[in-house]
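The block underneath contains the structure these notes are about, expressed in structure tokens.
The values are calculated or read from the model by the stated rules, or taken from the named source; none is laboratory data. For clarity, every value in this text was computed on a predicted model and none was experimentally measured. Cβ atoms come from the backbone with ideal geometry, glycine included; neighbour counts cover every protein chain shown.
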Amino acid sequence: MILIPGQGSRNKGALPFNSHLLSRVSPDSGTSTYDYDGAGNRTATTDAKGQVFILSYDASNRPTFADAPGTAHDIQYTYDTCANGVEKLCALTRGANTTQYAYNGFGDVLSIDQDVQAATAFVGSSFGVRYDAAGRRQTITYPGNTRVSYGYDAMGNVNQLTLDRNGSITELVSAVVYEPFGPLKALSLGNGLARSIDHDQAYRITAINDPVYDVAFNYDTNGNIIYQSRNVGDLDTGYDALDKLTTATGSVDSYVYSYDRNANRLSDTLNGTATTYVYDPFSNRLSQAGLDPVILDANGNTTQLRGMTLDYSPDNRLIAANDSNYGYNGIGERVLKASATATSVYLYGLQGQLMAELDGSGQIKKAYIYLNGQAFAVLDYASDTAGELAYIHADHLGTPQGLTNQAGNIVWLADYSPFGLAIVDEDPDLDGNAVTLNLRFPGQYYDQESQLHYNYFRDYDPQTGRYLESDPIGLSGGLNTYGYVGGNPVNYIDSTGEATQTALAACAGGPLACATGVGIAAYSSYELGQVLSSQNPLDDLDDIVLPDDFPARPSDTHEETQQCPLPNEWDTGEEPPNGGACGFLARSVLKQCQAVWGKKSKLCVSRAVNAYLLCVLFTGGGSGGGLPQ
């Protein structure tokens, strides 16, 4: 496969007759080659640095050992040896860091036990789960024996959340209400503050009514938020034809962004002061940000940024930033941060969400509580051995905007640039007690030492609005392997650093998506076709286009004849036949089809139509596609 992004870069893949990828040539991450055994298992990978990774398998074709260059990042997989662990993964060891699992008779994970090698000793921590008769999560036990219990209504929605701190019981929520077959509509926090969320018929959020962060939204015809009426200051946002954010005008700050044809930021202007960006020819590799040179290695990892030196493991994970070092477990989660003055160990839940932070001696520092997949409350053990409770007030994306304590006082506030650079007030109530919260965009954790955000599989720089590493899933995450959410951070998130997702709070997939907790638009428009039809609209396009015959973008006078045509029944400008969420998603995919031309464009449109039809099918079919009328 060769795709020609707008910048002119090419990604090549060579496939043998049995469809195993043998090599990949990327202008962003270099050349990688792959070997396989007779069963089709990948047995070796050689990256652009010449580093060789060897993978071994058991008789059931399960990976047993990943041999990375050196020994510190080797991964060993152990199966079948734990309680109820037959044919299940029981342990993962990366270097000296070990994660162990235990299961119940139904195959549900009961516990995660972790040992992390800190500077002078191993730090152990554990996380336990118990389930009800329906297999739903009932109780979570954190390090330090703090417990959180969940209760459910007749539809299976969480309507009770109870905190048990060594016998001291706190009801975290009450009066919980959901939309019919849909997302959360209203609740009261344990400190007495009420929060409600208004939705339109496609279950997009139209207003959040919250005493800390109160906002109402207006959308354009593409589903982008164009105006936010907020109690912290209104915000107007504008977009280009491919839905990239171009302007954001608030009560204090004004931002303007420009991009090249592959969504690389060419400039950003804050209150009239511009910063420009320069890229290597025929790639997405940033070479200069403002006056600062940016250096990348052969694998596409950023090794110098704003004078900061960055170092990576053989598998492209950030392991050092100036004087801080980082360690990972076998899944790839960052479990250790260490400097000369402090050590932090991190423990994650079943869906990869951060559950707890511990210090270098194993004492818990923070615990995070979740409701419907979103960070809802935090326990801070810095000044209270039982954990001081605070509630998280988030925006439509799930980004924390404020914290309130059990008395209902605001104890932490944040103000963000459009791409997530935060200005934080850690003592808004002026009581002399500074409160720290390092959660940022969903899935991101702020590192003060580097000013970067750890984003699960990659590291994000909110100043440049891009990742430091090329996307580990390649073009499946979008045509720009460094870009964040296609340049649209007002409407989309990326909780793992791999692929854009529709904001979970909006549950844009409609009632079925909200009821199941998996949005039809769980991924970006780049990924929608893959989610619904196991086919990305831009993948495996057979008509290979080389630079010498690649057509330039047509002029305005010919654009209407060469851009991807809409299906006949949609070319009147009216809603697609089903309207609602499926129509919105179909138009979103079609927007991305405008990035390619000729036969590729027609094939992209065809796959968008197929995705649309599957969306109608999955949401009930017929008029309205199962959406409330």
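Structure above, values below:
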{"item": "Residues located in segment 369-397, provided they are part of a loop (DSSP other than H, G, I, E, B) and either modelled with pLDDT under 95 or closer than 24 Å to residue 147 by Cβ (or both)", "result": "372, 373, 381, 382, 383, 384, 385, 386, 387"}
{"item": "Test: residue in segment 118-125 that is free of Cβ contacts under 8 Å to residues at least 60 places away in the same chain, under 28 Å from the mean Cα position of the chain (by Cα) and assigned to a strand (DSSP E or B)", "result": "no"}
{"item": "Criterion: among the acidic types (Asp, Glu), surrounded by 20 or more Cβ atoms within 10 Å (Cβ to Cβ) and in a strand (DSSP E or B) - qualifying residue of 415, 471, 459", "result": "459"}
{"item": "Test: residue in segment 128-139 that is buried (at least 19 other Cβ atoms within 10 Å of the Cβ) and part of a loop (DSSP other than H, G, I, E, B)", "result": "no"}
{"item": "When residues of segment 116-164 are limited to those that are polar (S, T, N, Q) and out of contact with any strand residue (DSSP E or B) (no Cβ under 7 Å at 6 or more places or on another chain), the one modelled with the highest pLDDT", "result": "145"}
{"item": "Residue 352 being out of contact with any strand residue (DSSP E or B) (no Cβ under 7 Å at 6 or more places or on another chain) and at pLDDT below 95", "result": "yes"}
{"item": "Members of segment 247-277 that are surrounded by 15 or more Cβ atoms within 10 Å (Cβ to Cβ), touching an Asp or Glu at 6+ places or on another chain (Cβ under 7 Å) and within 18 Å of residue 480 (Cα to Cα)", "result": "257"}
{"item": "Qualifying residue in segment 490-502 (condition: assigned to a strand (DSSP E or B), small (Gly, Ala, Ser) and surrounded by fewer than 24 Cβ atoms within 10 Å (Cβ to Cβ))", "result": "no"}
{"item": "Residue that is farthest from residue 274 (Cα to Cα) [pool: residues in segment 247-261 that are part of a strand (DSSP E or B) and free of Cβ contacts under 8 Å to residues at least 24 places away in the same chain]", "result": "250"}
{"item": "Verdict on residue 437 being in contact (Cβ under 8 Å) with a residue 12 or more places away in the chain and out of contact with any Lys or Arg (no Cβ under 6 Å at 6 or more places or on another chain)", "result": "yes"}
{"item": "Qualifying residue in segment 76-86 (condition: assigned by the TED database to the domain that holds residue 312, without any contact (Cβ under 8 Å) to a residue 12 or more places away in the chain and of a type in the set (D, E, K, R))", "result": "yes"}
{"item": "Scope segment 424-454; condition outside any loop (DSSP other than H, G, I, E, B) and either within 17 Å of residue 394 (Cβ to Cβ) or not assigned by the TED database to the domain that holds residue 369 (or both); matching residues", "result": "424, 425, 439, 445, 446, 453"}
{"item": "Number of positions in segment 398-412 that are under 25 Å from the mean Cα position of the chain (by Cα) and not in a loop (DSSP other than H, G, I, E, B)", "result": "5"}
{"item": "Test for residue 158: is it under 26 Å from the mean Cα position of the chain (by Cα) and in the same structural domain as residue 358 (by the TED database)", "result": "yes"}
